[in-house]
Amino acid sequence: MFIIKHKDMETQARTGTLRLPHGDVSTPVFMPVGTNATVKALTNDDLYEIGFEIILSNTYHLYLRPGMDIIKTTSSGLHDFSGWRRNYLTDSGGFQIFSLSALRKISEEGVKFRSHIDGSEHLLSPEKVVDIQVILNSDIQMQLDVCTSYGTPYKKALQALHTNNGWLSRAKQRWLEQRSEGYAGEFFAITQGNFYKDLREISARAVIDASPSGIAIGGLSVGEPPELFAEYISFTAALLPYDKPRYVMGIGTPDYILLAIENGVDMFDCVLPTRLARNGQALTRYGPLSLKKQNYAFDTRPIDEKCGCKVCKNYSRAYMRHLFKSREILFSMLVSYHNLYFLHGMIKNARHAIEDNCFAKYKREFLKNYYEAGQE
Ligand SMILES: [Zn+2]
(Lines give C-alpha, C1' and ligand atoms only; values in the text may rest on other atoms or scores of the structure.)
Protein backbone atom coordinates (compact mmCIF):
# COMPACT_ATOMS: atom_id res chain seq x y z
CA MET A 1 0.00 0.00 0.00
CA PHE A 2 3.04 2.30 0.16
CA ILE A 3 5.30 3.00 -2.79
CA ILE A 4 8.44 5.06 -2.22
CA LYS A 5 9.12 7.22 -5.27
CA HIS A 6 12.29 9.09 -4.48
CA LYS A 7 14.74 9.54 -1.62
CA ASP A 8 16.60 12.82 -1.22
CA MET A 9 20.36 12.35 -1.62
CA GLU A 10 21.44 14.39 1.43
CA THR A 11 18.74 13.65 4.00
CA GLN A 12 16.34 10.85 4.91
CA ALA A 13 13.43 12.71 3.26
CA ARG A 14 11.45 10.73 0.71
CA THR A 15 8.40 11.07 -1.51
CA GLY A 16 5.89 8.32 -2.06
CA THR A 17 2.31 7.25 -2.64
CA LEU A 18 -0.10 5.70 -0.17
CA ARG A 19 -2.56 3.49 -2.03
CA LEU A 20 -5.80 3.61 -0.01
CA PRO A 21 -9.45 2.57 -0.53
CA HIS A 22 -10.53 6.15 -1.34
CA GLY A 23 -7.68 7.03 -3.70
CA ASP A 24 -3.94 7.63 -3.77
CA VAL A 25 -2.25 10.01 -1.34
CA SER A 26 1.06 11.71 -2.22
CA THR A 27 3.56 11.83 0.63
CA PRO A 28 4.87 13.60 2.61
CA VAL A 29 1.34 14.63 3.50
CA PHE A 30 -0.26 16.97 6.00
CA MET A 31 -3.72 15.83 7.09
CA PRO A 32 -6.15 18.49 8.34
CA VAL A 33 -8.04 17.46 11.46
CA GLY A 34 -11.80 17.06 11.35
CA THR A 35 -12.47 16.15 14.98
CA ASN A 36 -16.23 15.79 14.59
CA ALA A 37 -16.06 14.57 10.98
CA THR A 38 -15.78 18.17 9.81
CA VAL A 39 -12.68 20.29 9.37
CA LYS A 40 -13.87 23.35 11.27
CA ALA A 41 -15.21 26.20 9.11
CA LEU A 42 -14.45 24.44 5.80
CA THR A 43 -16.63 22.53 3.37
CA ASN A 44 -15.53 19.30 1.69
CA ASP A 45 -15.41 21.22 -1.59
CA ASP A 46 -12.93 23.68 -0.05
CA LEU A 47 -10.70 20.76 0.93
CA TYR A 48 -10.93 19.13 -2.53
CA GLU A 49 -10.14 22.49 -4.11
CA ILE A 50 -6.99 22.92 -1.99
CA GLY A 51 -6.00 19.39 -2.94
CA PHE A 52 -6.28 17.32 0.26
CA GLU A 53 -6.47 13.58 -0.37
CA ILE A 54 -6.86 12.51 3.26
CA ILE A 55 -8.21 14.05 6.44
CA LEU A 56 -8.18 12.87 10.04
CA SER A 57 -11.08 12.34 12.35
CA ASN A 58 -11.19 11.49 16.06
CA THR A 59 -12.55 8.12 17.16
CA TYR A 60 -12.99 9.22 20.78
CA HIS A 61 -15.19 12.18 19.84
CA LEU A 62 -17.29 10.29 17.27
CA TYR A 63 -17.75 7.34 19.61
CA LEU A 64 -19.19 9.64 22.27
CA ARG A 65 -21.08 11.90 19.87
CA PRO A 66 -23.03 11.11 17.70
CA GLY A 67 -22.23 7.53 18.82
CA MET A 68 -21.83 4.40 16.73
CA ASP A 69 -25.58 3.64 16.67
CA ILE A 70 -26.36 6.81 14.75
CA ILE A 71 -23.47 6.38 12.31
CA LYS A 72 -24.30 2.70 11.73
CA THR A 73 -28.02 3.29 11.27
CA THR A 74 -27.88 6.37 9.07
CA SER A 75 -24.88 5.62 6.87
CA SER A 76 -22.38 3.07 5.59
CA GLY A 77 -19.56 4.81 7.46
CA LEU A 78 -17.87 8.14 7.92
CA HIS A 79 -17.53 8.99 4.20
CA ASP A 80 -21.22 8.43 3.65
CA PHE A 81 -22.18 10.18 6.91
CA SER A 82 -20.10 13.31 6.24
CA GLY A 83 -20.04 13.41 2.44
CA TRP A 84 -16.21 13.35 2.29
CA ARG A 85 -15.33 11.15 -0.70
CA ARG A 86 -11.57 10.87 -0.21
CA ASN A 87 -9.65 9.09 2.58
CA TYR A 88 -10.16 9.20 6.32
CA LEU A 89 -7.53 8.35 8.90
CA THR A 90 -9.02 7.88 12.34
CA ASP A 91 -6.98 7.96 15.50
CA SER A 92 -7.63 5.41 18.22
CA GLY A 93 -8.80 7.76 20.94
CA GLY A 94 -5.84 6.87 23.18
CA PHE A 95 -4.51 10.41 23.20
CA GLN A 96 -7.92 12.02 23.85
CA ILE A 97 -8.67 9.66 26.72
CA PHE A 98 -5.25 10.58 28.07
CA SER A 99 -5.80 14.32 27.70
CA LEU A 100 -9.58 14.98 27.93
CA SER A 101 -11.40 12.45 30.01
CA ALA A 102 -11.60 12.29 33.77
CA LEU A 103 -11.01 9.23 35.93
CA ARG A 104 -9.32 7.05 33.35
CA LYS A 105 -8.04 3.70 34.50
CA ILE A 106 -5.74 1.59 32.38
CA SER A 107 -5.62 -2.18 32.81
CA GLU A 108 -4.52 -5.08 30.63
CA GLU A 109 -8.12 -5.33 29.47
CA GLY A 110 -8.37 -1.79 28.16
CA VAL A 111 -9.09 1.71 29.37
CA LYS A 112 -12.00 2.77 31.51
CA PHE A 113 -12.90 6.44 31.46
CA ARG A 114 -15.63 9.00 31.93
CA SER A 115 -16.91 11.01 28.98
CA HIS A 116 -15.86 14.67 29.03
CA ILE A 117 -19.33 15.48 27.64
CA ASP A 118 -21.77 13.87 30.09
CA GLY A 119 -19.66 11.97 32.62
CA SER A 120 -20.92 8.55 31.44
CA GLU A 121 -18.57 5.61 32.00
CA HIS A 122 -17.01 3.63 29.13
CA LEU A 123 -14.56 0.82 28.61
CA LEU A 124 -12.57 0.67 25.41
CA SER A 125 -10.46 -2.39 24.66
CA PRO A 126 -8.01 -2.67 21.74
CA GLU A 127 -10.48 -4.95 19.95
CA LYS A 128 -13.42 -2.62 20.47
CA VAL A 129 -11.42 0.31 19.08
CA VAL A 130 -10.70 -1.71 15.91
CA ASP A 131 -14.42 -2.54 15.59
CA ILE A 132 -15.40 1.12 16.04
CA GLN A 133 -13.03 2.16 13.27
CA VAL A 134 -14.46 -0.57 11.06
CA ILE A 135 -17.94 0.93 11.59
CA LEU A 136 -16.42 4.31 10.67
CA ASN A 137 -14.96 2.57 7.58
CA SER A 138 -11.61 4.29 8.16
CA ASP A 139 -9.09 4.02 5.35
CA ILE A 140 -6.32 4.01 7.95
CA GLN A 141 -7.05 3.03 11.51
CA MET A 142 -4.76 3.38 14.52
CA GLN A 143 -4.23 0.92 17.36
CA LEU A 144 -5.37 1.89 20.86
CA ASP A 145 -2.19 3.00 22.61
CA VAL A 146 -1.04 4.04 26.04
CA CYS A 147 0.31 7.58 26.05
CA THR A 148 2.74 8.85 28.66
CA SER A 149 3.66 12.47 29.23
CA TYR A 150 7.07 14.10 29.27
CA GLY A 151 8.70 13.49 32.65
CA THR A 152 7.16 10.03 33.26
CA PRO A 153 9.57 7.96 35.39
CA TYR A 154 11.32 5.01 33.72
CA LYS A 155 9.43 2.29 35.59
CA LYS A 156 6.04 3.75 34.68
CA ALA A 157 7.07 4.23 31.06
CA LEU A 158 8.19 0.59 30.92
CA GLN A 159 4.91 -0.61 32.37
CA ALA A 160 2.96 1.51 29.86
CA LEU A 161 5.07 0.04 27.08
CA HIS A 162 4.25 -3.53 28.10
CA THR A 163 0.55 -2.72 28.10
CA ASN A 164 0.94 -0.98 24.74
CA ASN A 165 2.66 -4.02 23.20
CA GLY A 166 -0.05 -6.37 24.47
CA TRP A 167 -2.75 -4.10 23.06
CA LEU A 168 -0.93 -3.94 19.74
CA SER A 169 -0.98 -7.69 19.13
CA ARG A 170 -4.65 -7.94 20.15
CA ALA A 171 -5.61 -5.05 17.87
CA LYS A 172 -3.66 -6.52 14.97
CA GLN A 173 -5.41 -9.87 15.44
CA ARG A 174 -8.86 -8.21 15.42
CA TRP A 175 -7.94 -6.16 12.35
CA LEU A 176 -6.94 -9.36 10.50
CA GLU A 177 -10.32 -10.88 11.39
CA GLN A 178 -12.11 -7.76 10.13
CA ARG A 179 -10.06 -7.83 6.91
CA SER A 180 -11.08 -11.43 6.28
CA GLU A 181 -14.68 -10.27 6.53
CA GLY A 182 -14.26 -7.60 3.89
CA TYR A 183 -13.00 -4.49 5.67
CA ALA A 184 -10.52 -2.73 3.34
CA GLY A 185 -8.84 -0.21 5.67
CA GLU A 186 -5.19 -0.32 6.74
CA PHE A 187 -3.85 -0.70 10.27
CA PHE A 188 -1.11 1.45 11.82
CA ALA A 189 0.77 0.62 15.02
CA ILE A 190 2.13 3.23 17.40
CA THR A 191 5.61 3.17 18.94
CA GLN A 192 6.00 4.53 22.45
CA GLY A 193 8.83 4.40 24.99
CA ASN A 194 8.76 7.98 26.27
CA PHE A 195 12.19 9.65 26.34
CA TYR A 196 14.21 6.51 27.07
CA LYS A 197 16.20 5.13 24.17
CA ASP A 198 16.19 1.50 25.30
CA LEU A 199 12.39 1.63 25.64
CA ARG A 200 12.12 3.21 22.19
CA GLU A 201 14.13 0.25 20.84
CA ILE A 202 11.95 -2.34 22.59
CA SER A 203 8.87 -0.60 21.26
CA ALA A 204 10.20 -0.41 17.70
CA ARG A 205 10.98 -4.15 17.76
CA ALA A 206 7.47 -5.01 18.96
CA VAL A 207 5.95 -2.86 16.24
CA ILE A 208 8.15 -4.37 13.53
CA ASP A 209 7.20 -7.90 14.72
CA ALA A 210 3.51 -7.01 14.48
CA SER A 211 4.04 -6.04 10.81
CA PRO A 212 1.38 -3.31 10.55
CA SER A 213 0.63 -1.39 7.33
CA GLY A 214 2.32 1.71 8.74
CA ILE A 215 3.95 3.00 11.90
CA ALA A 216 3.31 6.08 13.99
CA ILE A 217 5.97 7.56 16.21
CA GLY A 218 3.96 8.26 19.34
CA GLY A 219 4.87 10.06 22.52
CA LEU A 220 6.44 13.07 20.82
CA SER A 221 5.35 16.69 21.06
CA VAL A 222 3.99 15.99 24.55
CA GLY A 223 5.60 18.95 26.30
CA GLU A 224 9.29 18.14 25.81
CA PRO A 225 11.84 20.82 24.78
CA PRO A 226 12.46 21.13 20.99
CA GLU A 227 16.01 19.67 21.20
CA LEU A 228 14.61 16.49 22.71
CA PHE A 229 11.90 16.30 20.04
CA ALA A 230 14.64 16.57 17.38
CA GLU A 231 16.83 13.96 19.06
CA TYR A 232 14.03 11.43 19.52
CA ILE A 233 12.42 11.84 16.14
CA SER A 234 15.70 11.08 14.44
CA PHE A 235 16.56 8.24 16.86
CA THR A 236 13.15 6.58 16.51
CA ALA A 237 12.71 7.04 12.75
CA ALA A 238 16.08 5.32 12.21
CA LEU A 239 14.80 2.23 14.06
CA LEU A 240 11.85 1.78 11.69
CA PRO A 241 11.75 -0.24 8.47
CA TYR A 242 12.44 1.86 5.39
CA ASP A 243 9.54 0.56 3.33
CA LYS A 244 6.66 1.39 5.72
CA PRO A 245 4.93 4.76 5.92
CA ARG A 246 5.87 6.69 9.06
CA TYR A 247 3.56 9.07 10.83
CA VAL A 248 4.07 11.62 13.59
CA MET A 249 0.82 12.63 15.24
CA GLY A 250 -0.09 16.13 16.33
CA ILE A 251 2.64 18.30 14.80
CA GLY A 252 1.64 21.37 12.80
CA THR A 253 4.36 24.02 13.00
CA PRO A 254 6.64 24.35 9.94
CA ASP A 255 9.84 23.70 11.96
CA TYR A 256 8.55 20.41 13.41
CA ILE A 257 7.02 19.25 10.12
CA LEU A 258 10.13 19.99 8.06
CA LEU A 259 12.36 18.36 10.69
CA ALA A 260 10.16 15.26 10.60
CA ILE A 261 10.30 15.14 6.78
CA GLU A 262 14.10 15.47 6.94
CA ASN A 263 14.14 12.36 9.13
CA GLY A 264 12.05 10.33 6.70
CA VAL A 265 8.60 10.85 8.22
CA ASP A 266 5.77 10.77 5.67
CA MET A 267 2.58 11.83 7.47
CA PHE A 268 1.47 14.52 9.94
CA ASP A 269 -1.70 16.02 11.32
CA CYS A 270 -2.56 18.91 13.59
CA VAL A 271 -5.43 21.20 14.57
CA LEU A 272 -3.02 24.13 14.65
CA PRO A 273 -3.61 25.78 11.23
CA THR A 274 -7.39 25.90 11.68
CA ARG A 275 -7.24 26.75 15.39
CA LEU A 276 -4.83 29.63 14.72
CA ALA A 277 -7.18 30.86 11.99
CA ARG A 278 -10.12 31.06 14.38
CA ASN A 279 -7.94 33.02 16.77
CA GLY A 280 -7.00 35.62 14.17
CA GLN A 281 -3.63 34.27 12.99
CA ALA A 282 -2.85 33.78 9.32
CA LEU A 283 0.21 31.75 8.27
CA THR A 284 2.51 33.41 5.74
CA ARG A 285 6.00 32.93 4.29
CA TYR A 286 7.21 35.48 6.83
CA GLY A 287 5.59 33.83 9.81
CA PRO A 288 2.16 34.18 11.42
CA LEU A 289 0.29 37.43 10.81
CA SER A 290 -2.01 38.60 13.56
CA LEU A 291 -4.94 40.04 11.61
CA LYS A 292 -6.54 41.61 14.67
CA LYS A 293 -3.77 44.19 14.96
CA GLN A 294 -4.51 47.88 14.54
CA ASN A 295 -1.69 48.29 11.96
CA TYR A 296 -3.71 46.32 9.38
CA ALA A 297 -6.79 48.53 9.69
CA PHE A 298 -5.87 50.47 6.50
CA ASP A 299 -3.78 47.76 4.83
CA THR A 300 -5.08 47.03 1.32
CA ARG A 301 -2.66 44.16 0.66
CA PRO A 302 -3.83 40.54 0.81
CA ILE A 303 -2.75 38.27 3.70
CA ASP A 304 0.19 37.08 1.58
CA GLU A 305 0.96 38.75 -1.77
CA LYS A 306 2.62 35.60 -3.16
CA CYS A 307 -0.18 33.23 -2.09
CA GLY A 308 -2.37 31.93 -4.93
CA CYS A 309 -5.41 31.10 -2.81
CA LYS A 310 -8.87 32.54 -3.45
CA VAL A 311 -8.78 34.44 -0.15
CA CYS A 312 -5.59 36.26 -1.04
CA LYS A 313 -6.93 36.96 -4.54
CA ASN A 314 -10.10 38.61 -3.27
CA TYR A 315 -9.72 40.16 0.17
CA SER A 316 -7.55 42.77 1.88
CA ARG A 317 -6.03 42.66 5.34
CA ALA A 318 -8.22 45.67 6.23
CA TYR A 319 -11.36 43.71 5.35
CA MET A 320 -10.13 40.60 7.19
CA ARG A 321 -9.41 42.66 10.29
CA HIS A 322 -12.88 44.19 10.05
CA LEU A 323 -14.44 40.68 9.88
CA PHE A 324 -12.46 39.58 12.92
CA LYS A 325 -13.43 42.65 14.92
CA SER A 326 -17.08 42.15 13.97
CA ARG A 327 -16.84 38.45 14.96
CA GLU A 328 -18.11 37.38 11.55
CA ILE A 329 -18.23 33.63 10.78
CA LEU A 330 -16.71 34.37 7.37
CA PHE A 331 -13.43 35.29 9.06
CA SER A 332 -12.87 31.74 10.33
CA MET A 333 -13.89 30.30 6.98
CA LEU A 334 -11.51 32.46 4.96
CA VAL A 335 -8.47 32.26 7.23
CA SER A 336 -8.86 28.51 7.81
CA TYR A 337 -8.92 28.09 4.03
CA HIS A 338 -5.81 30.24 3.57
CA ASN A 339 -3.88 28.53 6.41
CA LEU A 340 -4.54 25.04 5.07
CA TYR A 341 -3.70 26.21 1.53
CA PHE A 342 -0.43 27.61 2.88
CA LEU A 343 0.57 24.40 4.68
CA HIS A 344 -0.49 22.23 1.76
CA GLY A 345 1.71 24.41 -0.48
CA MET A 346 4.65 24.13 1.90
CA ILE A 347 4.45 20.32 1.79
CA LYS A 348 3.95 20.27 -1.99
CA ASN A 349 7.10 22.36 -2.42
CA ALA A 350 8.93 20.07 0.00
CA ARG A 351 8.00 17.12 -2.24
CA HIS A 352 9.42 18.93 -5.27
CA ALA A 353 12.60 19.77 -3.34
CA ILE A 354 13.05 16.11 -2.34
CA GLU A 355 12.67 15.05 -5.94
CA ASP A 356 15.29 17.62 -6.94
CA ASN A 357 17.62 16.40 -4.14
CA CYS A 358 17.67 19.80 -2.48
CA PHE A 359 15.42 19.33 0.54
CA ALA A 360 17.98 20.62 3.10
CA LYS A 361 18.29 23.88 1.17
CA TYR A 362 14.51 24.23 0.87
CA LYS A 363 14.09 23.65 4.60
CA ARG A 364 16.81 26.14 5.51
CA GLU A 365 15.38 28.88 3.30
CA PHE A 366 11.78 28.27 4.31
CA LEU A 367 12.58 28.42 8.03
CA LYS A 368 14.78 31.49 7.62
CA ASN A 369 11.90 33.39 6.02
CA TYR A 370 9.30 32.02 8.40
CA TYR A 371 11.08 32.55 11.70
CA GLU A 372 13.59 35.32 11.03
CA ALA A 373 12.38 37.68 8.32
CA GLY A 374 9.44 39.23 10.23
CA GLN A 375 6.35 40.86 8.74
CA GLU A 376 6.66 43.92 6.56
ZN1 LIG B 1 -3.85 32.84 0.70
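The values are calculated or read from the model by the stated rules, or taken from the named source; none is laboratory data. These figures come from a predicted structure and were not determined experimentally. Methodologically, a virtual Cβ is constructed for each residue, glycine included, from the backbone with ideal geometry; neighbour enumeration extends over all protein chains shown.
A few comments on the model shown:
- Just so you know, in the stretch 53-87 the residues that are of a type in the set (S, T, Y) and under 13 Å from N36 (Cβ atoms) include one that is modelled with the lowest pLDDT, and it is Y60.
- Considering residues of the stretch 324-336 that are surrounded by fewer than 23 Cβ atoms within 10 Å (Cβ to Cβ) and of a type outside the set (K, R) only, the residue nearest to the ligand (Cβ to nearest atom): M333
- Among the residues of the stretch 300-322, those that are farther than 20 Å from L47 by Cβ and either within 15 Å of the ligand (Cβ to nearest atom) or part of a strand (DSSP E or B) (or both) comprise R301, P302, E305, K306, S316, R317, Y319, M320.
- Residue that is farthest from the chain's Cα centre (by Cα) [pool: residues in the stretch 48-67 that are under 23 Å from K348 (Cα atoms) and buried (at least 22 other Cβ atoms within 10 Å of the Cβ)]: F52
- Test: residue in the stretch 334-348 that is assigned to a loop (DSSP other than H, G, I, E, B) and hydroxyl-bearing (S, T, Y): no
- Residue satisfying condition, being more than 26 Å from L20 (Cβ to Cβ) and among the hydroxyl-bearing types (S, T, Y), within set T300, T236: T300
- For the stretch 337-348, the condition holds for no residue, the condition being that it is without any contact (Cβ under 8 Å) to a residue 60 or more places away in the chain and either more than 11 Å from the ligand (Cβ to nearest atom) or of a type in the set (V, I, T) (or both).
- Test: residue in the stretch 286-298 that is part of a loop (DSSP other than H, G, I, E, B) and closer than 18 Å to I251 by Cα: yes
- The test for being within 15 Å of the ligand (Cβ to nearest atom), buried (at least 23 other Cβ atoms within 10 Å of the Cβ) and either outside any helix (DSSP H, G or I) or among the hydrophobic types (A, V, I, L, M, F, W, C) (or both) does not hold for A260.
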